[in-house]
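Some notes on the structure that comes next.
The values are calculated or read from the model by the stated rules, or taken from the named source; none is laboratory data. Every value quoted in this text rests on a predicted model; they were computed, and no experiment measured them. Every residue, glycine among them, receives a Cβ derived from its backbone with ideal geometry; neighbour counts consider all protein chains shown. Accessible surface areas use protein heavy atoms only, side chains included; no ligands, DNA or RNA. Shrake-Rupley method; radii C 1.70, N 1.55, O 1.52, S 1.80 Å.
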Amino acid sequence: MATSGVHNHRNGTHSHKSSLKVDRPLSVNSNPKSHLKSKPLASTGLRRNSTGSLTSSTAASKDDAGVPGRVRVAVRLRPKNAEELVADADFADCVELQPELKRLKLRKNNWDSDTYEFDEVFTESASQKRVYEVVARPIVESVLDGFNGTIMAYGQTGTGKTYTLGRLGEEDTAARGIMVRAMEDILADVSLEADSVSVSYLQLYMETVQDLLDPANDNITIVEDPKTGDVSLPGARLVEIRDQQSFVELLRLGEAHRFAANTKLNTESSRSHAVLMVHVKKSVNGRDSAHSRENGNRTRMVKSLKPPIVRKGKLVVVDLAGSERIDKSGSEGHTLEEAKSINLSLSALGKCINALAENSAHVPFRDSKLTRLLRDSFGGTARTSLVITIGPSPLHRGETASTIMFGQRAMKVENMVKLKEEFDYKNLSRRLDVQLDKLIMENERQQKAFEDEIERLTIEAEHRISEAEKNFGNALEKERLKYQKDYMESIKKLEEQLAINQRKNENTHAKSSGERLQKETLLKKAAEEEINNLKNQVAELKKSEASRNSEILKLHKIFEADETRHQLDRGGLKQNSGPDSLKPQLKHQQQASGNGEKTSIAKLFEQVGLQKILALLEAEDTDVRVHAVKVIANLAAEEANQEKIVQAGGLTSLLMLLKSSQDETIHRVAAGAIANLAMNEINQELIMAEGGISLLSTTAANADDPQTLRMVAGALANLCGNDKLQMKLRGEGGIKALLGMIRCKHPDVHAQVARGIANFAKCESRASTRGTQSGRSFLIEDGALPWIVQNANNDASSIRRHIELALCHLAQHEANARDMISGGALWELVRISRDCSREDIRTLAHRTLISSPTFQAEIRRLRTDY
C-alpha cells in the first residue's frame, strides 16, 4: 500500500523537569461489573495535614503497588453472513448463547457441548451502544480519574473486531464504535481551558511500529523506562484534540493508511494491529477545600504552597488483526508473509497470557513488539477489558474454540491498578511569586537589625578565634616534638631488626641452595640410568627380531627343500594326500605378520589349491580348522577370490561350520567370511537359499563374544540391503536376530545393527515408492522404533549416521507417520533437519518433513519451526 507524504511531527513523552510524579493505588472496589463512575480520591484515604507537606501526603499512600483488578472479558457473537446462511443451512450453529447466565455453550457434536462463563455475553443482536456501556465506559471513566486503561478486541478474521472498535458511524450514528464513543465521553468530561486530550494512532505491521497519522514515519522505536517499566513511543506523532469532528477526521486518515487485503474469510481483512493511544491530562479542583483553617494565617500560607493535582490517564484501544488459518484464508505471496507475522505476534501474546494466568516466574513480553506494547495492559497497572469476537458457523469451530480459550485464560490475569497524579508546579509558581514580593518587603525591614547583630557577633568571634589559635599553636608544637622523638627511636629499632633478618636470610639461602643442587644431581643420575636401560632394551628387541627373522627364513628354506625332494621322489604332490600333510604349511602361513601375511596366503593359495584348503575345514584337529577358516576369510576379503570360493563350495562349507562347530573362534571367523561374501548380490541369494539366515540367527542367539556378534551383524546388515529378500529375511527371523544383538552393549555391534536397519529401511522406502509394499514398516512392527529413537543422537558417529538415515527412510512412507509421531521420532527428524553435520542427510530430513501431510499437520499444531 502506497503511503502519502504527510508531515512528520515527532513528539516526545510529555514531562516537566520540575514535576514530581506520585503513583497512588486505587482503593475503590475493583469489580468492573459496576458501571457507576468511581470516585477514587474519596476512597483512597489520602489526607493532607495542617502543614501541607509532601512527606505527609506521600506517607498517606501506604500501598504503592496498587490494588488487584482482574482483566474483564466479554464475548460477542457475529450474525451469519449470506454465504454462511447458505452453506450452514442444514447444520446447527457451533455455539449457543445464554446471555442471562453470562454463559455460552460450544458444541462438540449433536449431543455434547462445553459450557464457558464470561463477564458478559452479547448476542448477534446486541447494539453498539450496549457493548460500549458494558465493556468500555468503566474503562473510560477510570482514565478520566487518573488511571491507565486498555480496551482490546481479539478473534478470528472477519468476526467484527474493527466493527466493534473502529466504526465511525457517519451514515448511522447508532453504529458508532468504541473509539468514537469513548472520545465523546472524554471531551464531555474535560475542560478544554485547563485540561488537555491528545492522541496517537499507530499500526504494528510485520513487526514494525508505523505511524498511521504520518506514514513516512514507518519504524518507530519502543522505549521502556528501566525503573518503572513503562512503555512509550517518543517517535510517534501526538495530536491534540479540541473537538469530536477533528478526532473522527484523524481516525479516517489513519484507517486510510492501514494495511488491508482481500481473503476468502474477509474482503477487507486487516493485515496489521491498530493501536489508538489517548492521553488525558485533567486538573483536580477543590481538593483541599475542606481542610481546617484553625491555625489562622500559618495554615492559609501552608495551604497556598500546595501545588494543584494533575491526573494523567492513558486509554489504549487495540484492534488486533484476526488470527487465520492459511488453508482457509487462501493467503499466498506477500499476504501469506503478513499472515505468518500476524499469527506469530498473536502466538507471543497468547504465551504471555498463559504465563500470567499460571503465575509463571517469567513472562516472555520481549518475544514480540505487540507484547511489549501491551505490557502494561496484561499484568501491569492498567485496567483492561477484552472483547473476543466469534462467528456461529460450524465450519470455523476450531478457530471459535481457540478464541474462547484465549478469553478464558485472559480472565485469570490480575493487574495492579494504580492512580497516577502529579503536581502542577506552574500554577504554584504564580502564587509563590505574589507571596515572594511580600516576603522581600518584610525581609528588607529585618535586614538592618540582622546586619547589626552580625557585626557584633563577628567582633566577638574574632577575639575568641585569636585566643584559640594561640593556644592551639602552643599545643601543636609540643605534640610535634614528642612525635619526632618517637619517630627517630622507631627508625633505629627497625634498622637493627633489618640487619638481624638479613644475616638469617643469608644463612638460610646458602643451606637451601646446597640441598637443591644435591637433589638435582641425584635426579640427573637417575634419568641417565633410565635412558641407558631403555637403550639396552631397544637393542635386545632388535636382536630378538633379527633372530626370529633368521629362523623364519630357515624354516622357509627347509620347507622348500623338503617339498622339492618329495616332488623328485614321488613325481609331485600326491593327489590323495590328507589334510594333515598341510598342517605345517598352514600354521606357518598363519604365523606371518604385517604386509607379508597376504603375500604368504596368496602364495599358499597358488601352491596348494583352494580345494585342499577347503578340505581342511573338515579336519579333526580344531587348530587346523581354525587356521583353514582364517585363510578362507582372508581370501574372501578380496573381491577377485569370492567367485572362486563360492564355485568351489566354500560358502556351503562355511555355513556347515556355523551349524556343526561349537568353537567360538570358528563361529567368529566363519561369520566374518560370510559377511565378506554377502557383499555380492548373487552370493546373498545363495546364502538365503541354503538356510544362511537361520544359521546366522542361531549363531547370534547363542554367541556372547562381541566380535562374533559384530561379524554376524555385519553379515545380516549386508543381506538387509537386498530388495528381493526383504520378506524372506524377516520370515526366517533375520530382523529379530539383528535386533536381538542389541543386548550386547559393544558400540561396534550397535554400529552394524544400525547399518542393517538403515539398509532395510532404505529397501522398504524404495518398495513403497514403487507401490510393491503398503502398510507399516516391518521394523516398526518388530519393535525397532524405540531403539532407533533412543540412539538417534548417539555419541558414536558410526551409529548416529546410520540411525539418521533409517529415520529419514522410514519417514518417507506415509503409513509410518503416526507411529513415528507417537514414538517421538518427529522431534528427532526436526533436529536432524537443523543440526545434522552431513548436508545430504540434513537435506533428506527436511525434504521428508515437507512432503508428509501428517508431519506438516502435527508441526502446525505444535507451532514448531524447522
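Quick notes on this one:
- Number of the exception - Thr228 against (1) open to solvent by 70 Å² or more (accessible area, probe 1.4 Å); (2) in contact (Cβ under 8 Å) with a residue 24 or more places away in the chain: (2)
- Selection count where residues are open to solvent by less than 100 Å² (accessible area, probe 1.4 Å) and either of a type in the set (A, V, I, L, M) or in contact with a strand residue (DSSP E or B) (Cβ under 7 Å, 6 or more places away or on another chain) (or both), scope region 477-497: 2
- When region 676-691 is filtered for residues that are under 49 Å from the mean Cα position of the chain (by Cα) and open to solvent by 10 Å² or more (accessible area, probe 1.4 Å), the ones remaining, listed by number, are Asn676, Met679, Asn680, Glu681, Gln684.
- If you go through region 345-391 and pick out every residue that is open to solvent by 20 Å² or more (accessible area, probe 1.4 Å), over 20 Å from the mean Cα position of the chain (by Cα) and within 15 Å of Gln408 (Cβ to Cβ), you end up with 1.
- Selection of first residues in region 711-732 that are surrounded by fewer than 19 Cβ atoms within 10 Å (Cβ to Cβ) and of second residues that are among the charged types (D, E, K, R) and in a helix (DSSP H, G or I), restricted to Cβ pairs under 7 Å at least 6 apart or on distinct chains, gives the following pairs, ordered by first then second residue: Asp723/Arg766.
- Among the residues of region 618-646, just one is part of a loop (DSSP other than H, G, I, E, B), of a type in the set (Gly, Ala, Ser) and either within 20 Å of Met711 (Cα to Cα) or under 60 Å from the mean Cα position of the chain (by Cα) (or both), namely Ala637.
- Within region 659-671, if we keep just the residues that are open to solvent by less than 10 Å² (accessible area, probe 1.4 Å) and of a type outside the set (Ser, Thr, Tyr), the residue that is nearest to Thr698 (Cα to Cα) turns out to be Ala671.
- The lone exception for Ala737 - which of (1) open to solvent by less than 30 Å² (accessible area, probe 1.4 Å); (2) farther than 23 Å from Asn683 by Cα; (3) modelled with pLDDT under 90 it fails: (2)
- Every residue from region 278-310 that is modelled with pLDDT of 70 or more and open to solvent by 20 Å² or more (accessible area, probe 1.4 Å): His279, Lys281, Lys282, Ser283, Val284, Pro308
- Cβ pairs under 8 Å, 6+ apart, first in region 166-184 and of a type in the set (Val, Ile, Thr), second open to solvent by 40 Å² or more (accessible area, probe 1.4 Å) and at pLDDT 90 or above: Val180/Arg167; Val180/Gln244
- Extreme residue, modelled with the highest pLDDT, among residues of region 404-455 that are of a type in the set (Val, Ile, Thr) and outside any helix (DSSP H, G or I): Val413
- Listing of helices (runs of 4 or more DSSP H) fully contained in region 313-376 that carry 3 or more residues being farther than 15 Å from Tyr154 by Cβ: 326-329, 334-357
- Within the option set Phe778, Phe760, being open to solvent by less than 60 Å² (accessible area, probe 1.4 Å) and over 20 Å from Ala675 (Cα atoms) holds for one residue only, Phe778.
- Residue selected from region 186-195 under the condition closer than 15 Å to Ser246 by Cβ and open to solvent by less than 40 Å² (accessible area, probe 1.4 Å), by the criterion nearest to the chain's Cα centre (by Cα): Ile186
- Qualifying positions in region 197-219 - over 19 Å from Lys369 (Cα atoms) and either buried (at least 19 other Cβ atoms within 10 Å of the Cβ) or aromatic (Phe, Trp, Tyr) (or both): Val197, Val199, Leu213, Asp214
- Enumerated strands (runs of 3 or more DSSP E) restricted to region 67-134, each holding at least 1 residues that are closer than 21 Å to Lys412 by Cα, basic (Lys, Arg) and at pLDDT below 95: 67-70, 103-107
- Every residue from region 647-658 that is open to solvent by less than 40 Å² (accessible area, probe 1.4 Å) and of a type in the set (A, V, I, L, M): Ala648, Leu651, Leu654, Leu655, Leu657, Leu658
- Of the residues contained in region 261-274, one or more are found to be part of a strand (DSSP E or B), in contact with a Lys or Arg (Cβ under 6 Å, 6 or more places away or on another chain) and at pLDDT below 90.
- Selected residue (criterion: farthest from Thr769 (Cα to Cα)) from residues of region 837-857 that are assigned to a helix (DSSP H, G or I) and small (Gly, Ala, Ser): Ala857
- Residue count, region 790-835 (criterion: among the β-branched types (Val, Ile, Thr) and within 17 Å of Ile859 (Cβ to Cβ)): 3
- On the stretch given as region 746-775, residues that are in a loop (DSSP other than H, G, I, E, B) and under 19 Å from Met711 (Cβ atoms) total 1.
- The listed residues are Thr699, Thr708, and the only one of them that is surrounded by 22 or more Cβ atoms within 10 Å (Cβ to Cβ), under 19 Å from Asn634 (Cβ atoms), at pLDDT 85 or above and of a type in the set (Val, Ile, Thr) turns out to be Thr708.
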